[in-house]
Amino acid sequence: MLNAPAGRVLELTSVRLHNGGIFYTYSDATAQAQSEEELEAENETLERRVRERTDQLIGVNMELARAKAEAEDANITKSRFLAAASHDVLQPLSAARLYASSLRERLRGSPGTDATIALADNVDQSLGAVEDVVRSLLEISQLDARATKTEVTEFDLGALLEELRIDFAPTARERELDLTFVATSLAVRSDRSLLRRLLQNLISNALKYTPEGGVLVGVRRCGDSARIEVLDTGVGIPESKLQLIFREFERLPRSGQMAAGAGLGLSIVERLGRVLEHEVKARSVVGRGSAFTVAVPRAVAAVSRHDAVAPQVARHGGLDGLVVAAVDNEPRIVAGMEALLQGWGCEVVSGLGLKSLDVALAARKLVPDVIVADYHIDEVDGLGVIAALRARYGALPAVLVTADPSAGVRELARRADVRILHKPLRPATLRALLGQWRLVKAAAE
């Protein structure tokens with residue numbers, strides 16, 4: 001290339017001739033050179049823009065990451081606050097429900113006390129509504145904060161359903177509804193505690209919104225899955241609302257007239273389904289009822305039902321003379337538990353911890369038949385109290401009463417062969433459990 005004096009660009013081409021000479025040609029390449037310069041300038045501009053845009057994207061991503069971390073920290077803080085606040089609320093709420101139930105039991109059968117009993121019933125129902133809201137908010141906060149860890153095992157599904165049947169039998173009787181559980185021999189693979197909680201919400205919802213008829217719980221084989229179904233004869237759900245019902249605080253227009261609640265139960269079901277990776281489906285016909293299904297992977301091998309089958313609940317049976325060792329670090333709850341159990345005819349020995357309970361048992365020279373223990377006790381937790389008493393008095397039936405809804409506590413109780421009831425305590429469930437243990441004790445004698 002040769003630069004012409006006037007800024008022109010000349011292209012020189014040479015050809016060697018056969019006689020040794022050289023032939024030169026010149027052509028004007030100014031336009032080509034200008035195009036190349038312009039292209040190079042455009043490439044440099046494009047590269048600069050790419051670098052600038054990349055820097056911007058890196059900055060935006062850093063801001064998003066910072067915002068995400070702050071949101072997660074805020075969510076964790078919220079969950080911790082809700083957990084602490086819920087425990088502080090559930091403790092006095094548990095005592096209040098015990099007192100209300102004790103008052104109702106003492107008044108029942110006395111002449112001229114119908115109005116007072118009705119007031120006690122209303123108080124208990126209102127306390128129960130508060131309990132449901134607090135417990136649901138706590139569980140949602142834990143699920144949203146991803147604080148719920150799964151412990152997947154293979155277990156007998158029939159035993160789990162039997163436990164649920166026992167838990168909900170008193171509620172069904174109170175509402176004069178038929179509650180039917182179809183027996184199954186299938187074993188499944190899931191987190192037992194979380195699946196139990198999911199099914200609890202479905203069954204509770206079905207009983208709550210079924211004015212007459214009943215609720216059926218059964219299992220179908222579906223390929224490699226077990227499809228658990230909860231069917232009811234309730235008011236039904238319009239098809240347009242079937243997806244909305246899984247949102248927080250979503251309630252159908254008629255539901256508020258039928259039962260108290262905040263509309264959180266099915267949102268918990270949806271979240272638990274996501275955590276467990278179990279598909280949850282709903283179908284319904286208005287005026288005829290609804291059906292909810294949960295698909296759970298079947299276990300590879302059969303699982304023994306030994307020591308997992310929940311006992312049968314006695315519909316009737318007195319508790320007179322049943323010696324109950326009750327321990328809780330809250331004096332109000334201890335006093336409420338004493339009043340409730342004594343109203344049922346039980347002999348109650350109570351304490352604020354293991355040491356004071358030991359002193360009370362020694363002073364009265366009694367051997368407990370049953371243990372009712374709070375989980376959070378100052379000197380040692382409730383499972384420790386139960387283990388210590390069993391070491392002295394043998395394999396006593398025991399129930400752990402706690403405001404802690406975590407799957408870890410439920411699993412610890414299951415491994416220790418201890419039934420678990422959550423605060424605020426539902427007296428009907430406790431009475432049914434004590435009645436069953438009383439019958440087992442009588443049969444053994």
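Residue pairs whose Cβ atoms lie under 9 Å apart, separated by 6 or more positions or on different chains, with the first residue in the stretch 54-75 and under 30 Å from LEU143 (Cα atoms) and the second among the aliphatic types (A, V, I, L, M) and outside any helix (DSSP H, G or I), are GLU72/ALA145; ASN75/ALA145.
In the stretch 411-431, the residue that is nearest to the chain's Cα centre (by Cα) out of those that are assigned to a helix (DSSP H, G or I) and surrounded by fewer than 20 Cβ atoms within 10 Å (Cβ to Cβ) is GLU411. Taken over the stretch 255-304, residues that are at pLDDT below 90 and in a loop (DSSP other than H, G, I, E, B) amount to 15.
Is one or more of the residues making up the stretch 203-225 at pLDDT 90 or above, part of a loop (DSSP other than H, G, I, E, B), within 26 Å of VAL409 (Cα to Cα) and of a type outside the set (Phe, Trp, Tyr)? No. Figure legend. Inter-residue proximity from the stretch 176-188: first residues under 21 Å from LEU207 (Cα atoms), second residues in a loop (DSSP other than H, G, I, E, B), beta-carbon distance below 9 Å, spacing 6+ or different chains. Indicated pairs: GLU176/GLU212; LEU177/THR210; LEU177/PRO211; LEU177/GLU212; LEU177/GLY213; LEU177/THR233; ASP178/GLY213; ASP178/THR233.
The values are calculated or read from the model by the stated rules, or taken from the named source; none is laboratory data. Here the structure is a predicted model, which is why all the values come from computation and not from measurement. Reconstructed Cβ throughout: ideal geometry from the backbone, glycine too, with neighbour counts over all protein chains shown.
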